[in-house]
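Asks: Quick one: structure below, then a few questions.
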Amino acid sequence: MTAHFTWADWAAAALTMCFCLRAAASCAKPSLRTSPETEWGFERFVDIYKFPHSLKQSQHITVRAFPFPCVPPAVRESDSWRLLSSLPHYPRGRSELRILSLPIRHRLGPSSPHISLEEILAALCFDWLGRNVSAVTQKQSSKVLVIFLDWTTKMMNVLHGLMAFRRALKQAAVVGGVAVTTVFGLSQLIEYRRTQAQLARVAAEAELKVPFANELPSREAQLSALQDTPEFDVLIVGGGATGTGCALDAITRNLKTALVERSDFSSGTSSRSTKLIHGGVRYLQKAIMKLDYEQYMMVKEALHERANLLEIAPHLSGPLPIMLPVYKWWQLPYYWAGIKMYDVVAGIHCLKSSYLLSKSKALEYFPMLNKDKLVGAIVYYDGQHNDARMNLAIALSAARHGAAIANYTEVVHLLKTKNQQTGREKLCGARCRDVLTGKEFDVRAKCVINATGPFTDSLRQMDKQETAKICQPSAGVHIVMPGYYSPDNMGLLDPATSDGRVIFFLPWEKMTIAGTTDTPTDVTAHPTPGEDDINFILREVRNYLSPDVEVRRGDVLAAWSGIRPLVTDPSSKDTQSICRNHIVSVSDTGLITIAGGKWTTYRAMAEETIDAAVKFLHLPARPCRTVGLMLEGAKGWTPTLYIRLVQDYGMEEEVARHLTTAYGDKAFDVAKMARVTGQRWPIVGKRLVSEFPYIEAEVKPFLRLGSFRFHVLEVSRDLVVLSQVLYAIKEYACTAIDVLARRTRLGFLNVQAADEALPRIVQIMGKELNWSQEKRTEELEAAKMFLYHEMGYRSRAERLTTSSEINLNYQDVMRYKNRFHKFDKESKGFITTVDVQQVLASINVHIDENALHEILNEVDLNKNGQVEFNEFLRLMSAVKKGQVSDSRLAILLRSAEATLDTTKAVTVDRSGDHTIYKL
């Protein structure tokens with residue numbers, strides 16, 4: 001995926017430009033002066049003789065003139081002849097004219113065979129004009145001499161320009177040859193290194209004695225392995241990117257590896273990132289401005305790891321162009337130089353070369369950009385990925401190689417043994433508890449690795465109570481907005497927000513991600529996005545988008561907060577300095593802690609951690625084998641794999657693309673679980689929502705409500721496929737939250753759609769996992785609380801409160817009053833589900849009472865079972881201001897009013913004799 005020798009092309013182009021400018025300057029030199037005396041043209045020969053240095057250096061034209069022994073009187077009396085005759089004699093007495101490598105030589109003087117002008121002219125005519133003049137009279141000789149010298153004078157002027165052009169061609173050829181040789185050499189070097197890396201990888205795999213399982217062991221089998229294995233080499237605590245990376249690194253070094261995670265894999269910070277795989281442009285800026293070598297090396301390492309991550313999981317990641325708009329002329333060269341330096345530091349790992357855009361081109365690529373005072377833009381490339389599924393792919397890869405991994409398994413306390421001779425304690429494992437069943441058991445291990453991210457201090461203090469805290473958590477909030485806020489294939493970077501932070505505005509999964517913030521926070525397992533942070537991001541986005549684009553609070557479909565595990569180095573004397581990168585420390589008891597870092601460098605962090613473990617255990621040095629090691633689903637993936645799904649299973653193209661990008665070559669396993677649709681096309685994988693690629697083979701495209709059906713194509717956004725839910729269970733999904741948030745990303749894309757999909761997901765999982773009704777209710781409530789608190793659903797629900805202002809003019813109030821009274825026919829001042837049902841029945845629309853209760857409950861602020869007029873006005877005011885953009889009640893009342901006013905039913909779809917109403 002990486003583009004090669006980009007920096008070499010850039011350097012060669014710069015050199016070529018320099019040489020071309022030099023050649024152009026050479027060609028632009030003023031030509032030799034035109035002689036005012038045209039009768040003989042000797043003046044030109046004098047000029048050539050006076051300035052022979054530039055001509056002699058070229059070795060193409062050399063002119064040496066001597067006085068003729070026999071000269072006509074007319075010539076002898078001219079001023080030009082006097083100038084020519086005053087020139088010094090060369091010892092060999094030779095006149096030479098070389099034009100385009102064709103010599104014309106004539107010797108003059110005592111040593112010359114030509115003793116008269118006639119003979120010289122005859123020779124000149126023979127050599128130059130191609131014909132022999134045997135007899136030339138003295139009268140004719142002067143005329144021939146004039147013709148010859150005038151013609152030669154003009155030719156000399158032309159030849160000077162030709163020589164300059166020839167020199168430029170030679171220089172360009174040399175530079176071009178060097179550039180081509182360099183590019184070709186680098187290309188061959190890269191291919192050689194890649195071939196050697198592949199051969200080394202094949203050799204490493206052949207040398208690797210760890211079995212590779214074609215089938216994933218079940219969670220029960222993994223728990224049994226944790227309990228039955230006498231002793232592991234390493235026990236890793238934490239199932240995020242770093243923890244699972246450590247597990248994969250350790251197991252591929254033939255170390256007996258165990259991993260436990262108290263929640264789900266990627267349930268913490270690893271699933272709540274900006275979804276970027278980047279080296280850090282702002283870190284490079286700091287490195288240059290502050291001459292900070294540590295920052296520079298951090299960027300260089302991250303760029304190397306970026307290339308590796310894009311290579312080992314191409315189905316989950318890819319390059320993304322990011323535009324940096326520039327609104328001041330002086331910033332253009334500043335940012336351009338910085339971005340070019342970013343490319344140079346990446347070297348052969350540069351994804352694609354950055355480039356400049358004019359104002360018109362920038363607006364063409366990003367039409368919603370604010371064009372006022374825009375002078376141009378710079379586009380550079382970074383990586384983007386599906387973070388939660390990437391984390392899961394690492395965990396599943398470790399499991400397939402033989403690591404015993406288990407989610408929902410927490411460490412109760414650490415196990416220690418005391419050395420009888422020294423009296424020092426040493427870790428020998430951990431007491432663990434299955435969170436789902438409550439069963440406790442011991443996991444024995446030679447060393448324990450702490451990879452718990454923001455909870456680093458908790459495990460460190462579990463080891464030693466007096467251990468000082470090193471984690472300084474920082475919260476980063478992101479929001480998700482509809483896809484029309486950004487182009488499908490280009491992001492936006494705000495390099496300097498109003499408070500000096502950086503905001504990204506990126507397309508992801510057909511939606512738009514905006515973030516992030518950076519505020520101190522407390523460590524918690526359930527971080528909540530704050531309304532202030534959401535509004536801050538909206539303000540910054542509003543500054544960079546066109547005034548024609550109304551950035552509305554109601555367009556925030558989801559929001560989340562992730563905790564960055566910033567740390568201070570415990571070995572540093574300056575305990576207040578925050579470590580910019582990661583740290584690996586080993587306690588006296590043998591607890592190895594890996595903390596800090598970022599998503600992009602997870603593999604390098606894991607390698608350094610396992611190196612420390614090998615050193616601590618005094619094991620033979622074993623090289624890391626994770627560079628280039630393909631992750632789950634990547635080995636058989638190709639960009640055109642989705643075509644096979646379309647052809648073999650009769651799936652829609654968009655659905656097939658979605659499955660191959662989420663599961664890689666395992667998409668066929670998911671497709672096998674899908675059921676036929678009963679339609680002509682698609683044969684397999686019926687969509688529940690037309691505008692999204694998620695399919696659900698068992699859930700009908702209509703939810704049955706009583707004896708009628710209520711169409712939810714616009715109310716619902718994303719419902720998951722039955723086969724995906726079943727495959728999620730195979731991927732160790734244990735709760736409905738696991739499916740909503742991490743096996744699929746529905747909870748991160750649209751919380752309302754996730755809330756509507758939740759009952760069916762619980763139903764499917766309950767059937768497959770044999771949940772009791774009590775367990776199903778518990779799962780349903782837990783998932784709702786997750787969406788409410790952690791995914792921004794609370795913010796959506798609280799946009800309309802009893803304290804919400806009513807900001808409507810008189811005409812608006814009267815219009816909404818008329819609409820309200822069409823339902824409140826008895827003028828009670830409020831409407832109930834019965835009122836709405838009666839009006840809908842009059843236009844042949846039928847909705848189940850339970851569904852109506854849910855719709856009215858969104859607006860029933862005082863929760864008394866009815867919607868008062870002031871509550872309705874608050875709703876419509878919020879809709880007008882953009883705070884609420886998807887109220888089902890507002891859509892329902894507006895559509896019903898239009899139907900009543902036209903006295904005809906406006907049908908969207910029909911099934912039998914009943915209207916299927918679209919919300």
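Every residue, every condition in (1) closer than 26 Å to G239 by Cα; (2) at pLDDT 50 or above; (3) assigned by TED's automatic domain parsing to the domain that holds T252, yes or no:
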site: Y642; (1), (2), (3): no, yes, no
site: H658; (1), (2), (3): yes, yes, no
site: A667; (1), (2), (3): yes, yes, no
site: K700; (1), (2), (3): no, no, no
site: L705; (1), (2), (3): no, no, no
site: L726; (1), (2), (3): yes, yes, no
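Asks: On the given criteria, is I339 buried (at least 17 other Cβ atoms within 10 Å of the Cβ), of a type outside the set (F, W, Y) and over 19 Å from L276 (Cβ atoms)? Lay out the reasoning, then the answer.
Replies: Numbers: buried (at least 17 other Cβ atoms within 10 Å of the Cβ): yes; of a type outside the set (F, W, Y): yes; over 19 Å from L276 (Cβ atoms): no.
Criteria not met by I339.
Asks: Name the helices (runs of 4 or more DSSP H) wholly within segment 311-409 that hold at least 1 residues that are touching a helix residue (DSSP H, G or I) at 6+ places or on another chain (Cβ under 6 Å)?
Replies: On the way: elements: 331-346, 359-365, 387-400.
In segment 311-409, the matching helices (runs of 4 or more DSSP H) lie at 331-346, 387-400.
Asks: Restrict the check to segment 605-620 and report whether at least one residue is among the basic types (K, R) and either crowded, with 18+ Cβ neighbours inside 10 Å or in contact with a helix residue (DSSP H, G or I) (Cβ under 8 Å, 6 or more places away or on another chain) (or both). Reasoning before the result, please.
Replies: Step one: filter segment 605-620 for residues among the basic types (K, R), giving 615.
Remaining after also requiring either crowded, with 18+ Cβ neighbours inside 10 Å or in contact with a helix residue (DSSP H, G or I) (Cβ under 8 Å, 6 or more places away or on another chain) (or both): none.
Scanning segment 605-620, I find no residue that is among the basic types (K, R) and either crowded, with 18+ Cβ neighbours inside 10 Å or in contact with a helix residue (DSSP H, G or I) (Cβ under 8 Å, 6 or more places away or on another chain) (or both), so the answer is no.
Asks: Can you report the number of residues in segment 508-554 which are farther than 24 Å from P325 by Cα, part of a loop (DSSP other than H, G, I, E, B) and not aliphatic (A, V, I, L, M)?
Replies: 8
Asks: What single numbered condition from (1) over 23 Å from I503 (Cβ atoms); (2) free of Cβ contacts under 8 Å to residues at least 60 places away in the same chain fails to hold for G347?
Replies: Looking at each condition in turn, G347 falls short on (2).
Asks: Out of contact with any His (no Cβ under 6 Å at 6 or more places or on another chain) and either at pLDDT 95 or above or crowded, with 23+ Cβ neighbours inside 10 Å (or both), is that true of P454? Walk me through how you get there before you give the answer.
Replies: Working: out of contact with any His (no Cβ under 6 Å at 6 or more places or on another chain): yes; either at pLDDT 95 or above or crowded, with 23+ Cβ neighbours inside 10 Å (or both): yes.
Yes; evaluated as a whole, the condition is true for this residue.
Asks: Among residues belonging to segment 411-424 that are in contact (Cβ under 8 Å) with a residue 40 or more places away in the chain and touching an Asp or Glu at 6+ places or on another chain (Cβ under 8 Å), point out the one that is surrounded by the fewest Cβ atoms within 10 Å (Cβ to Cβ). Explain how you work it out, then say what you get.
Replies: Initial filter on segment 411-424 (in contact (Cβ under 8 Å) with a residue 40 or more places away in the chain): 411, 413-414, 416, 424.
Filter once more, so that each one left must be touching an Asp or Glu at 6+ places or on another chain (Cβ under 8 Å): 414, 416, 424.
On the way: L414: 21, K416: 14, R424: 12.
Ranking the candidates gives R424 first.
Asks: Condition (residue is out of contact with any helix residue (DSSP H, G or I) (no Cβ under 6 Å at 6 or more places or on another chain), aromatic (F, W, Y) and under 19 Å from P367 (Cβ atoms)) applied to segment 529-545: is it met by at least one residue?
Replies: yes
Asks: Return the total of residues in segment 243-300 being under 28 Å from F616 (Cα atoms), in contact with a Gly (Cβ under 9 Å, 6 or more places away or on another chain) and β-branched (V, I, T).
Replies: Total meeting the criteria: 4.
Asks: Scan segment 596-621 residue by residue and report those that are more than 24 Å from A313 (Cβ to Cβ) and touching a residue at least 40 places away in the same chain (Cβ under 8 Å).
Replies: Within segment 596-621, A613, V614, F616, L617, L619 qualify.
Asks: Another question, if that's okay. Tally time: how many residues in segment 426-475 are within 23 Å of S271 (Cβ to Cβ) and not in a strand (DSSP E or B)?
Replies: Qualifying residue count, segment 426-475: 11.
Asks: I've got another one for you. Keeping to segment 429-451, report how many residues are surrounded by 20 or more Cβ atoms within 10 Å (Cβ to Cβ) and at negative phi.
Replies: Taking segment 429-451 first, the residues surrounded by 20 or more Cβ atoms within 10 Å (Cβ to Cβ) are 429-430, 432, 443, 445-451.
Going one step further and asking which of them are at negative phi, we end up with 430, 432, 443, 445-451.
The qualifying residues number 10.
Asks: Restricting to segment 741-754, name every residue that is in a helix (DSSP H, G or I) and more than 19 Å from L726 (Cα to Cα). Reasoning before the result, please.
Replies: First, pick out the residues of segment 741-754 that are in a helix (DSSP H, G or I): 741-743, 746-749, 751-754.
The answer is F748, L749, V751, Q752, A753.
The values are calculated or read from the model by the stated rules, or taken from the named source; none is laboratory data. None of these values were measured; they are calculated from a predicted model. Counting neighbours? That spans all protein chains shown, and the Cβs are built from the backbone with ideal geometry, glycine included.
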